[in-house]
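Have a look at the structure below, then the notes.
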Amino acid sequence: MARSLFLCSLLIFAVTTFSSPTGALILTLVNNCNYTVWPAIQPNAGHPVLAGGGLTLRTLTHHSIPVPDAHWSGRVWARTGCAYSGTAFSCASGDCGGRLQCNGAGGAPPATLAQFEVHHGSNDYASYGVSLVDGFNIPMTVTPHEGKGVCPVVGCRDDLLATCPHVLQHRVPAVHGPVVACKSGCEAFHTDELCCRNHFNNPSTCKGSIYSSFFKHACPATFTFAHDTPSLMHQCSSPRELKVIFCH
């Protein structure tokens, strides 16, 4: 009798363990660059910080981060040219206030951004897109795995540092240093029109410019100004993994 109860319990455990969906979603950061990058993660307001908000990712390595099972949204970017000077930490691009773990802080533009909203809607959607609205510092793509529906790979594969217009070049050190990022028109000139502020902060007045056109021509599947085409944000149902690849 005891043996029968044991076998019955074991069968129930096995069915529960191997048949129940976990719903677990993994965010994987992959460094295909031939140099170290320092990925950063910033949650939107009200959402938890993942992985302390930042880490070191050496060339040809990856790091997987569990995403909360509840609704979560935020952004991912790569910092480049980071180093310690004594105890002070700073990055040539994407710096988040001089710390390795950003802990919720945003990054300094210019930087390529991946934007996410996961576990929303009736079909457990994961929305994702890549933005050059704040400029460019590194090639980046987002690849969903094992999702349902239309789940394209999106992003910017081109290295725009070599072709960045002179007026948009971000050099470190300034003036004579190497180009480490490419500024948006907003970051370069700070006008309401280019930044889509005040009178220009709506879809009818916020338009692309010659500066956003530079990014759009090279990377058409990215956002390049604040009110760019909403359809560039894709919805994939129930993916098991969202993979951010630097230098894809």
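Quick notes
- Taken over the alpha carbons of the chain as equal point scatterers, the Debye sum produces base-10 log I(q)/I(0) values at 0.07, 0.10, 0.12 Å⁻¹ of -0.28, -0.52, -0.71.
- Pairwise label distance in nanometres, ASN202 with HIS120, each label 7 Å out on the Cα-Cβ vector: 2.3
- With Cα atoms, 0 to 90° folded angle of helix 2-19 axis to the chain main axis: 20
- Reciprocal of mean inverse Cα separation for segment 73-118 (Kirkwood radius, Å): 11.1
- With each label modelled as a point 7 angstrom along the Cα→C-beta vector, the SER213-TYR84 pair spans 4.8 nm.
- Radius 12 Å from Cβ of THR36, net charge of other residues (Lys, Arg +1; Asp, Glu -1): +2
- Spin-label pair SER237/HIS166, simplified geometry with 7 Å Cα→Cβ offset, distance in nm: 5.4
- The chain - percent of accessible surface contributed by carbon and sulfur, probe 1.4 Å: 58
- Farthest towards the positive end of the charge dipole of the chain, among the residues ALA108, GLY54, PRO165, is the Cα of GLY54, using unit charges on the Cβ of Lys, Arg, Asp and Glu.
- Peptide ranges 208-221, 54-67, 90-103 listed from the most packed, as the mean C-beta count within 10 angstrom indicates: 90-103, 208-221, 54-67
- 14 Å beta-carbon shell around CYS196, net charge (K/R +1, D/E -1): -3
- Protein heavy-atom accessible surface, 1.4 Å probe, per residue over the chain: 50 Å².
- Evaluating 6.51 cos²θ - 1.76 cosθ + 1.60 at θ = phi - 60° for every residue in segment 195-203, the Karplus couplings come out as 8, 6, 10, 6, 4, 8, 8, 7, x Hz, glycine and proline recorded as x.
The values are calculated or read from the model by the stated rules, or taken from the named source; none is laboratory data. Owing to the predicted nature of the structure, the values given are computational and were not obtained by experimental measurement. A quick note on method: Cβ atoms are made from the backbone with ideal geometry, for glycine too, and the neighbour counts reach across all protein chains shown. Surface accessibility is based on the protein's heavy atoms, side chains included, excluding ligands, DNA and RNA. Shrake-Rupley method; radii C 1.70, N 1.55, O 1.52, S 1.80 Å.
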